[in-house]
1. Conditions: (1) part of a loop (DSSP other than H, G, I, E, B); (2) at pLDDT 90 or above; (3) open to solvent by less than 90 Å² (accessible area, probe 1.4 Å); (4) of a type outside the set (Asp, Glu). Ser20 meets all but one. Number of the miss?
2. Looking at (1) at pLDDT 90 or above; (2) assigned to a helix (DSSP H, G or I); (3) not polar (S, T, N, Q), which one does Leu12 not meet, given that it meets all the others?
3. For Leu55, state whether it is surrounded by 12 or more Cβ atoms within 10 Å (Cβ to Cβ), in contact with a Gly (Cβ under 8 Å, 6 or more places away or on another chain) and either in a loop (DSSP other than H, G, I, E, B) or at pLDDT below 90 (or both).
4. So, in the range 59-89, of the ones that are open to solvent by 70 Å² or more (accessible area, probe 1.4 Å) and modelled with pLDDT of 85 or more, which residue ends up farthest from Gly27 (Cα to Cα)?
5. Sort out which residues of the range 23-35 are under 11 Å from the mean Cα position of the chain (by Cα) and surrounded by fewer than 11 Cβ atoms within 10 Å (Cβ to Cβ), and write them in order of number.
6. Need pairs with beta-carbon distance below 9 Å; first residue among the hydrophobic types (A, V, I, L, M, F, W, C) and within the range 15-39, second outside any helix (DSSP H, G or I); sequence gap 6+ or separate chains.
Amino acid sequence: MRTALQAYRFALDPNPGQESALRSHCGAQRFAFNWGLGRIKANRDQRKAEASYGLDGDELTPSVSWSAYSLRKPSCACPTVLSPAPPAG
């Protein structure tokens, strides 16, 4: 038995208000992605520096999980710090 995958392509034609909302959501997603990436890179660099000092195993800073859920938990703890201010007006 063969399984066929079918895809659909939709063209969006948002009005100016909808376009603004779409851009806002995309910007927020990009901001969150960059925050998570920065957190993972900082942790990895810290562990690499500690290893160069001769630390090993349990002495190293605990590694950060790369799962979306584990990265989401700290970002929800301080949403006002992570969320950029809304535009004035």
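The values are calculated or read from the model by the stated rules, or taken from the named source; none is laboratory data. Just so we're clear, the structure is a prediction, and the values are computed from it rather than from any experiment. Virtual Cβ from ideal backbone geometry, glycine too; neighbours counted across all protein chains shown. For accessibility, only protein heavy atoms count, side chains too; no ligands or nucleic acids. Shrake-Rupley method; radii C 1.70, N 1.55, O 1.52, S 1.80 Å.
1. (1)
2. (2)
3. Working: surrounded by 12 or more Cβ atoms within 10 Å (Cβ to Cβ): yes; in contact with a Gly (Cβ under 8 Å, 6 or more places away or on another chain): no; either in a loop (DSSP other than H, G, I, E, B) or at pLDDT below 90 (or both): yes.
Here the answer is no, as Leu55 does not meet what is asked.
4. Here the answer is Glu59.
5. Filtering the range 23-35 down to residues under 11 Å from the mean Cα position of the chain (by Cα) leaves 28-35.
Of everything in the range 23-35, those that are under 11 Å from the mean Cα position of the chain (by Cα) and surrounded by fewer than 11 Cβ atoms within 10 Å (Cβ to Cβ) turn out to be Gln29, Arg30, Asn34.
6. Sorted first by the residue in the range 15-39, then by its partner, the pairs are Ala21/Pro14; Leu22/Leu12; Leu22/Pro14; Ala28/Ser83; Ala28/Pro84; Phe31/Ser83; Phe31/Pro84.
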